[in-house]
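Structure first, commentary second.
Values quoted throughout were computed directly from the atomic coordinates according to the rules given, and no laboratory measurement underlies them. Since the model is a prediction, treat every value here as computed from it, not as a measurement. Every residue, glycine as well, gets a Cβ built from its backbone with ideal geometry; the counts of neighbours run over all protein chains shown.
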Amino acid sequence: EEVPFDGLDYVEDDDMFYYQCPCGDMFEISRAQVERGERIARCPSCSLTIRLIHPDDATPPLAADQPQTTAANRPPAAGDQPQTAGSAAAAGSSAGIPVLHVNAFTRDTFGGNPAAVCLLSAPADESWMQGVAANMNLSATAFVTPTGETQTAGGPGAPAAGETFDLRWFTPKIEVELCEHATLAAAHVLFSLPGGRHSPTLRFSTRSGELRARRLPNHTIELDLAARPPAPLGDAPPSHAAVA
């Protein structure tokens, strides 16, 4: 993306130019960098970049009417957010969007299979989600968005349908169709939020179909994953059939 210099905010205390990033943090570039001819501003949270454009390709003067802020009132960066501890450690936050680090399949603090869980209030841009996953640099980052659908009471003899969420998984490089340990991590985070859940069942709408997570009386979580029916291998050699 190309951004004109007059769209930047200059913070005199920092001697920095800032521009709002879609992730909630700020693109930033110092005045010294601009004076050296650098024109790329980077977001420290999601690593996205923008190219700065000036008609004369020169350091723009600070116009009298150019919006200015101070270090005290500029939008907070991810590093400014408080960190919390618990079964899911806070890995970061951008403008109130929490990202948590969870170790699945373990009772040990540093064991299991790590995943990040990002709790969204609305669908996010795909490139932004990919940037967050790359920044987290874990095998998978789960992005959870509530759909607003909740059914706390089931039919006669049937369990409650539960709350429904959209769920997507990204590795640092690509989006994937299914990730079991990141699904478990997402369910753990949702069940662990203050106030609890309306139902012991969570329903995830994913590219692999609907997945369900249930919190059992012993506080463990049971996953109901999408099943793929067996298919014939056709004319594959016996060695391939053995590997499959």
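Pull out the extension gain between Asp13 and Arg207, defined as 0.36 nm times the separation in residues minus the alpha carbon to alpha carbon distance; nm, one decimal.
Working: separation 194, 0.36 × 194 = 69.84 nm, distance 4.72 nm.
Working it through step by step, the gained length comes to 65.1 nm.
Between Asn137 and Arg36, 0.36 nm times their residue separation minus their Cα-Cα distance comes to what? Write out the running numbers ahead of the final one.
Values: separation 101, 0.36 × 101 = 36.36 nm, distance 3.16 nm.
Difference between extended and current length: 33.2 nm.
I need the calculated FRET efficiency for the pair Thr109 and His219, taking r as the beta carbon distance and R₀ as 22 Å, to the nearest 0.05.
Details: r = 17 Å, r/R0 = 0.79.
In this case the efficiency is close to 0.80.
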